[in-house]
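Worksheet: the structure to be examined is printed underneath.
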Protein chains: 2
Amino acid sequence: MPFMLDEFLPYRLNVAATLISRRFAALHQEETGLSIPEWRVMAHLANEGQVSIRDIHARVNLDKSIVSRAAARLEQAGHLRKSGHMQDRRLISLELTPKGQDLMQRLGEIADAFQARLHAELGPEAERFETMLEQLITNAARGNDTAA
Amino acid sequence: MPFMLDEFLPYRLNVAATLISRRFAALHQEETGLSIPEWRVMAHLANEGQVSIRDIHARVNLDKSIVSRAAARLEQAGHLRKSGHMQDRRLISLELTPKGQDLMQRLGEIADAFQARLHAELGPEAERFETMLEQLITNAARGNDTAA
DNA sequence: ATATTCCCGTTGCAACCGCAACCGCTCTTT
DNA sequence: AAAGAGCGGTTGCGGTTGCAACGGGAATAT
């Protein structure tokens, strides 16, 4: 049994992730033009209100620098506004502009529809799937590496 | 319900994929130094023998150019050998060198062990999980986009 | 046989990623 | 209060990605 690449879980996860992301991108890309990092920043802002870069970095699995640059692009595009934090002047408060809120409103619907579609395709066991995915993430998150 | 990013399947798939890939990389990186594309090319060669670039491209979800460059690096490192195809001189035959075979031998063991470990962490339903993952992939593969 | 079309692999290029260095600000220590 | 350590965000840089264009080779049509 020489080892089969396409039965290898990491490989399949990667393939699934890129394909699904492409599908999703195809649904909103033309309307929004957002990249994946930009989309994540927007989505996080949409239900957190005022947030700093480091918060996003900690929450959505993106490097500081990526969040920083995504935010710069989004500000440039008029989707969010940066403002200084007054207690701690190192921090920067990010906040959606009305324009950004509108966009996310629309995008949220697209995302929800897509999510529903995926669930439908997965059938009744979609919930199980999500749970196990969660399992994988948390296991990997706290370095399950050297331990045995 | 403002839309929760971390219940969004594409997002979670992406996070899971990158984390798992990181875990796997940590296990073999130091020994092999292979990047993900390189690893895929090697793995495919390991159980296909002589293959052309386009075959790999079609099988392992990588752009032509990426396969081409990965192959160049691997040849440079002495893991594979390129040779011209004689029927069709457009094609290039890639083949593992003995050194490359040794590496894949070793790497296959690491991969199998990791796979086993993941299955253990997922518990008895790992099979179900794999099946549904497959489902997602095939659904996405043949453009499930515009079809309402 | 020649021209047109198509295919394979490589390369150019612009964008992006990840990491580390950096600068300014805050907190702690003394 | 001054110095040092620590934190937050940006920027520089090497390497990678993805796409489109290219050049050589094969296949088809006339």
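Rule-based calculations on the coordinates, nothing more; no lab input. Since the model is a prediction, treat every value here as computed from it, not as a measurement. Glycine gets a Cβ as well: all are built from the backbone with ideal geometry, and neighbour counts include every protein chain shown.
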Inset, instruction - Return one number: the angle in degrees, 0 to 90 and rounded to the nearest 10, between the long axis of the Cα atoms of helix A:9-32 and the longest principal axis of the Cα atoms of chain A. - result: 40
Inset, instruction - Between the label point of A:Ala141 and that of the same position in each other copy, find the distances and list them shortest first in nm, with every label point placed 7 Å from Cα along the Cα-to-C-beta direction. - result: 3.2
Inset, instruction - Take every Cα pair under 8 Å in region B:28-148 that's 6+ residues apart, average their separations, divide by the length, and report that relative contact order as a whole percent. - result: 22
Inset, instruction - With +1 on each Lys and Arg Cβ and -1 on each Asp and Glu Cβ, and nothing else charged, work out how big the dipole of chain A is about its Cα centre, in Debye to the nearest 20. - result: 660
Legend entry - A:Glu7 versus A:Glu95: modelled label distance in nm, points set 7 Å from Cα along the beta carbon direction: 5.6
Legend entry - Percentage relative contact order, region B:1-81, counting C-alpha pairs under 8 Å, at least six apart: 22
Legend entry - Neighbourhood charge, 15 Å Cβ-Cβ cut-off, centred on A:Leu94 and excluding it, Lys, Arg +1 and Asp, Glu -1: +4
Legend entry - Helix B:126-141 axis, angle to chain B major axis (alpha carbon atoms, nearest 10°): 70
Inset, instruction - Label the protein assembly as shown by shape, choosing from rounded, prolate and oblate, from the square roots a ≥ b ≥ c of the eigenvalues of the Cα gyration tensor; if a/c is under 1.5 it is rounded, and otherwise prolate applies when a/b is larger than b/c, oblate when it is not. - result: prolate
Legend entry - Rg/Rg_ref, chain A, where Rg_ref = 2.2 N^0.38 Å and atoms are Cα: 1.23
Inset, instruction - Note the full-extension length gain between A:Arg73 and A:Glu109 as 0.36 nm times their separation in residues minus their Cα-Cα distance, in nm to one decimal. - result: 10.7 nm
Inset, instruction - Compute the acute angle (0 to 90°) between the alpha-carbon long axis of helix A:36-46 and the principal axis of greatest extent of the alpha-carbon atoms of chain A; round to the nearest 10°. - result: 60
Inset, instruction - May I ask you to report, in nm to one decimal and beginning with the shortest, the distances from B:Ala113 to the same position in the other copies, taking label points 7 Å along Cα-to-Cβ? - result: 4.9
Inset, instruction - Quick one: which residues, 5 or more positions from B:Val51 or on another chain, have an amide H under 5 Å from its amide H? H modelled 1.01 Å from N in the peptide plane, none for Pro or chain starts. - result: B:Leu94
Inset, instruction - May I ask you to evaluate 6.51 cos²θ - 1.76 cosθ + 1.60, the Karplus curve with θ = phi - 60°, for each residue of region A:76-84 and list the ³J(HN,Hα) values in order in whole Hz, giving x for glycine and proline? - result: 3, 7, x, 8, 9, 10, 9, 8, x
Inset, instruction - Along Cα-to-Cβ, 7 Å out, sits the label point; list in nm, shortest first, how far the one on A:Ala25 is from those in the other copies. - result: 1.8
